[in-house]
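Everything on this sheet refers to the single structure shown next.
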């Protein structure tokens, strides 16, 4: 009986570990997609070449902060520059 309970607990631990691994993997994919989308978006914007380089370098040097700033500030300034 004790061996059977220990086996069930070990199986539950493996399932929990696998679920955690899948969750972390999905978070990493979402993180990478967020950064790539910001990088491509900054390069495809209607900003002049100098500002595109500045945004691209910012996204490369500080990936999360740079991408977040691009989506919050940069896209708005790019849209204003297009008008």
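Looking at residue 30, is it modelled with pLDDT of 95 or more and at negative phi?
On the way: modelled with pLDDT of 95 or more: yes; at negative phi: yes.
Yes, satisfied.
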*Residues (touching a residue at least 12 places away in the same chain (Cβ under 8 Å), under 13 Å from residue 78 (Cβ atoms) and outside any loop (DSSP other than H, G, I, E, B)) located in segment 21-50*: 38, 41, 42, 43
*Which number in (1) modelled with pLDDT under 90; (2) surrounded by fewer than 10 Cβ atoms within 10 Å (Cβ to Cβ) marks the one condition that residue 61 misses?*
(1)
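The values are calculated or read from the model by the stated rules, or taken from the named source; none is laboratory data. Predicted, not measured: the structure shown is a model, and the values here were computed from it. We place every Cβ from the backbone using ideal geometry, glycine too, and count neighbours over all the protein chains shown.
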